[in-house]
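The values are calculated or read from the model by the stated rules, or taken from the named source; none is laboratory data. It should be emphasised that the depicted structure is a prediction, and the values quoted were computed from it without experimental measurement. Glycine also receives a Cβ, built like all others from the backbone with ideal geometry; neighbour counts cover every protein chain displayed.
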């Protein structure tokens, strides 16, 4: 997932064949010999590119990061690369908060979302299209896509991303231009999380603004270096102000904490030890399979976590010199959370409490990129557990093996969306009457899951949505003065 394969094929069509009657068929097959016996996984039929009618679309900007009250403007460029004049239909698509406004402007005027414009370009000519998005003071994350097509068959699109300050989760796409952020975004969509996505380039100039986010998920994949000096300094400020961080990527430990690394410095060593609360052991660990640790709040339910193969991006690749580094927890508030397969004393991930100068937060560090996790279900569970742990309070010293919660808590259901059964976990720190009820979007009571006195402990209840239709539902927990409501989705 996230990797693109480009193939250029040139073929001279015989004179007796009519080009307009031809199509190109591309098939993706399983690796098997002879190839004509292989199972077809995907296939698509494409028209031949007519050199008389071709066009390109390009962009200079891809992201906006700022206040929701400001208008973000992007420019797209459409160029006729064919041999004859052509006419293009231009329109805008949008995926984001319903209260935002979008428009695009061409030489013919300004057009709102849902409207389209038509213009003609001569060969070699190009035109600019200005796209405007305003959040209207509604915080959120949105994607706008400008697209064009002509009746002669040319088409294209470009996408822009708009992230406002003040969201729950900020995803930093620092993977060197790949699309690996899609892996974590897919999980955030499942959890119905409030998030935005920007590239690492925005961070140094917006140090104060990143403190408006509760959590940062920073993906470095296999880039070198994973974290630049100015990005590291921004993270120091974020963590010292009580922010919560999940940092992941191949060879980060080696880059920061190995004196033989070309990116090593006393500053990176200090950050690795005192902010990621980790110590470095080894760069080239031979294992590509890890396992969770009994009793750990993140990985207790993870039996096997593979770092190669499956549907992962394979950014852990020993042939390419990319390894999951061996690390240890560093400090009394740090705990190792994944060990290499059959190596119970050799670790690859750490979670910790960071007592900053102006606040206390949490840190999860994995010496591999999130995108390289091989199994879909394991990847989803791991993301859920990390976000749960980063979201839990840090006002008391943790005992990772304690079975008694210190506060009332209602966790996000899993899986979400679900069909037909999902589980809901909740915690009770003292004996108390507890009710958990399910409601539809109109406030009608759909089900009562719990209605009894519970002693101190952590519990799990299941909701069977077999009799409910697809849609959004809410579940509410009441216990004494504690009230919590969360959203879940039935998808049939």
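Return yes or no: is residue 257 without any contact (Cβ under 8 Å) to a residue 24 or more places away in the chain and either touching a helix residue (DSSP H, G or I) at 6+ places or on another chain (Cβ under 9 Å) or closer than 30 Å to residue 474 by Cα (or both)? Explain how you work it out, then say what you get.
Details: without any contact (Cβ under 8 Å) to a residue 24 or more places away in the chain: yes; either touching a helix residue (DSSP H, G or I) at 6+ places or on another chain (Cβ under 9 Å) or closer than 30 Å to residue 474 by Cα (or both): yes.
The answer is yes for residue 257.
Looking at 117, 95, which is the one that is under 30 Å from residue 373 (Cα atoms) and in contact with a strand residue (DSSP E or B) (Cβ under 6 Å, 6 or more places away or on another chain)?
Details: 117 fails: under 30 Å from residue 373 (Cα atoms).
Exactly one residue qualifies, and that residue is 95.
Residues in region 178-185: is at least one modelled with pLDDT of 95 or more, crowded, with 20+ Cβ neighbours inside 10 Å, more than 12 Å from the chain's Cα centre (by Cα) and closer than 30 Å to residue 307 by Cα?
no
Of the conditions (1) surrounded by 18 or more Cβ atoms within 10 Å (Cβ to Cβ); (2) modelled with pLDDT under 95; (3) in contact with a strand residue (DSSP E or B) (Cβ under 7 Å, 6 or more places away or on another chain), residue 322 clears all except one; give me its number.
(3)
Of the residues 240, 230, which is in the same structural domain as residue 355 (by the TED database) and in contact with a strand residue (DSSP E or B) (Cβ under 9 Å, 6 or more places away or on another chain)? Give the derivation first.
On the way: 230 fails: in contact with a strand residue (DSSP E or B) (Cβ under 9 Å, 6 or more places away or on another chain).
Going through 240, 230 in turn, the sole match is 240.
Specify which of the listed residues (365, 370) is touching a helix residue (DSSP H, G or I) at 6+ places or on another chain (Cβ under 6 Å), surrounded by 23 or more Cβ atoms within 10 Å (Cβ to Cβ) and in contact (Cβ under 8 Å) with a residue 24 or more places away in the chain.
On the way: 365 fails: touching a helix residue (DSSP H, G or I) at 6+ places or on another chain (Cβ under 6 Å).
That would be 370, the only listed residue that is touching a helix residue (DSSP H, G or I) at 6+ places or on another chain (Cβ under 6 Å), surrounded by 23 or more Cβ atoms within 10 Å (Cβ to Cβ) and in contact (Cβ under 8 Å) with a residue 24 or more places away in the chain.
In contact (Cβ under 8 Å) with a residue 24 or more places away in the chain, within 13 Å of residue 410 (Cβ to Cβ), under 32 Å from the mean Cα position of the chain (by Cα) and surrounded by fewer than 15 Cβ atoms within 10 Å (Cβ to Cβ): which single residue out of 460, 437 fits that description?
After applying the criteria, what remains is 460.
Name the residue, out of 267, 253, that is modelled with pLDDT of 95 or more and farther than 19 Å from residue 348 by Cβ.
Details: 253 fails: farther than 19 Å from residue 348 by Cβ.
Exactly one of 267, 253 is modelled with pLDDT of 95 or more and farther than 19 Å from residue 348 by Cβ, namely 267.
Is at least one residue of region 277-286 surrounded by fewer than 18 Cβ atoms within 10 Å (Cβ to Cβ) and assigned to a loop (DSSP other than H, G, I, E, B)?
yes
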